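Below: one structure, written as structure tokens.
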Amino acid sequence: AGGAGMEGSERLQLLLRRCREAKECAYCPYSRFPVGAALLTAGGEIFSGCNVENACHSLGVCAERTAIQKAISEGHTRFRAMAIASDMPDFITPCGACRQVMRE
């Protein structure tokens, strides 16, 4: 986890690195679209997650929700930033389900 004493740019670099590392753990045999996410809590901790697919599509989970659920399950409910990584050359945005979870 990132230390609370880290400076902003150092914390941002760590957040970006952690989302790229999480992408390497993605389980995506159907879409072949690995995604990693890293979430920075208000207290300075970082939680990461990857997408995990299932043959029954609705049972899979996105990287963003994985990171959020990990943080919440550890007692964190206030967040400052999230970084998302994929193999796409351009930016990607969260799906509607992830946006709903982020908003709530």
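The values are calculated or read from the model by the stated rules, or taken from the named source; none is laboratory data. Just so you know, these numbers come straight off a predicted model, no measurement behind them. Don't worry about glycine lacking a Cβ; one is built from the backbone with ideal geometry, like all the others, and counts go over all protein chains shown. Surface accessibility is based on the protein's heavy atoms, side chains included, excluding ligands, DNA and RNA. Shrake-Rupley method; radii C 1.70, N 1.55, O 1.52, S 1.80 Å.
Report the calculated FRET efficiency for residue 59 and residue 91 (r = Cβ-Cβ distance, R0 = 25 Å), to the nearest 0.05.
With R0 = 25 Å, the Cβ-Cβ based efficiency is 0.40.
If one takes the longest principal axis of the Cα atoms in the chain, at what angle in degrees, from 0 to 90 and to the nearest 10, does the Cα axis of helix 8-23 lie?
Computed tilt is about 20 degrees.
Per-residue accessible area for residue 79 at 1.4 Å probe radius, Å² rounded to 10?
That residue has around 80 Å² of solvent-accessible surface.
Could you give the accessible area per residue of the chain, probe 1.4 Å, as a whole number in Å²?
With the other protein chains kept in place, the chain gives 63 Å² per residue.
Share of the chain's accessible area from carbon and sulfur, percent, 1.4 Å? Provide the component values of the computation, followed by the final result.
Values: 3410 of 6550 Å².
It is 52 percent, rounded to a whole number.
Taking 22 Å as R0, compute the FRET efficiency from the Cβ-Cβ separation of residue 21 and residue 73 and round it to 0.05. Let's see the in-between values first.
Numbers: r = 20 Å, r/R0 = 0.90.
After rounding, the FRET efficiency stands at 0.65.
Using only alpha carbon positions, build the gyration tensor of the chain, then give the equivalent ellipsoid semi-axes as the square roots of 5 times its eigenvalues, largest first, whole angstrom. Write out the running numbers ahead of the final one.
Details: eigenvalues 104, 48, 25 Å².
Square roots of five times the eigenvalues give 23, 15, 11 Å.
Checking the a/c ratio against 1.5 first, then a/b against b/c, what shape does the Cα gyration tensor give for the stretch 51-104? The partial results should precede the final answer.
On the way: a/c = 1.85, a/b = 1.19, b/c = 1.55.
Taking the square roots of the gyration eigenvalues as a ≥ b ≥ c, the stretch 51-104 is oblate.
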